[in-house]
Amino acid sequence: MNLSSLKPAEGSTKNRKRIGRGQGSGRGGTSTRGHKGAQSRSGYSSKRGFEGGQMPLQRRMPKVGFKNINRLEFHGINLDVINKLAVEKSLSSIDIDTFVKYGICSKNKKIKILGRGKLTKTVQIKANAFSKTAKSVIEETGGTVEII
């Protein structure tokens, strides 16, 4: 046995269709494209979403809702995350730069502190917004809240 005698397994390969090679080939004439119409022409490519002239799906569906251009998008950070950060890194004050430094959020995000979890350490926190519960929990533990 040598490399020149290797062949694929029986039935694993098929010959490709040879289109447009005369009437005797069985695939001459229209070359499997049918008669007339855009798809029989050379250079045809349909538009994305084109359904043969039928109203496309994206136009049949109704428009829904609206996008509020004045919306402020906040990145929420819960108290349990802040507590873990403060305890592990032994921090007494936390601000946006601290969150960015430890990879909790990116520098361009506005941060809102949310109230899930508990604080075991007194922490001074600076952020763009606070929920009512988060604010009350921070102040109960002796920490301070500062809105930037």
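The values are calculated or read from the model by the stated rules, or taken from the named source; none is laboratory data. The model shown is predicted, which means the values in this text are computed figures rather than measured ones. Using ideal geometry, Cβ is built from the backbone for each residue, glycine included, and neighbour counts are taken over all protein chains shown.
Checking the structure you have, find out if any residue of the range 77-84 is part of a loop (DSSP other than H, G, I, E, B), at pLDDT 90 or above and in contact with a Lys or Arg (Cβ under 9 Å, 6 or more places away or on another chain).
Restricting attention to the range 77-84, the residues satisfying the condition of being part of a loop (DSSP other than H, G, I, E, B) are none.
No: zero hits.
The residues in the range 23-73 that are surrounded by 10 or more Cβ atoms within 10 Å (Cβ to Cβ) and in a loop (DSSP other than H, G, I, E, B) can be counted, and the count is 13. Any residue that is in contact (Cβ under 8 Å) with a residue 40 or more places away in the chain and among the β-branched types (V, I, T) - is there at least one of those in the range 56-69? No - not one qualifying residue is present in the range 56-69.
Scanning the range 101-144 for residues that are more than 15 Å from L91 (Cα to Cα), in contact with a helix residue (DSSP H, G or I) (Cβ under 8 Å, 6 or more places away or on another chain) and assigned to a strand (DSSP E or B) yields I111, I113, L114, A127, F130. Note on the range 66-120: residues that are among the charged types (D, E, K, R) and in contact with a Ser or Thr (Cβ under 9 Å, 6 or more places away or on another chain) amount to 4.
Before we move on, is L91 assigned to a loop (DSSP other than H, G, I, E, B) and surrounded by 13 or more Cβ atoms within 10 Å (Cβ to Cβ)? Here the answer is yes, as L91 does meet what is asked. Within the range 89-117, residues that are of a type in the set (A, V, I, L, M, F, W, C) reach partners that are surrounded by fewer than 17 Cβ atoms within 10 Å (Cβ to Cβ) and not in a loop (DSSP other than H, G, I, E, B) with beta carbons closer than 6 Å, at six or more positions or on different chains, in the pairs C105/H75; I111/H75; L114/G76; L114/N78. Residues in the range 77-97 that are in contact with a Gly (Cβ under 6 Å, 6 or more places away or on another chain) and either on the phi > 0 side of the Ramachandran plot or of a type in the set (S, T, Y) (or both): none.
Taking each residue of the range 137-148 that is on the phi > 0 side of the Ramachandran plot and looking for partners that are aliphatic (A, V, I, L, M) with beta-carbon atoms closer than 7 Å, six or more apart or interchain, yields nothing.
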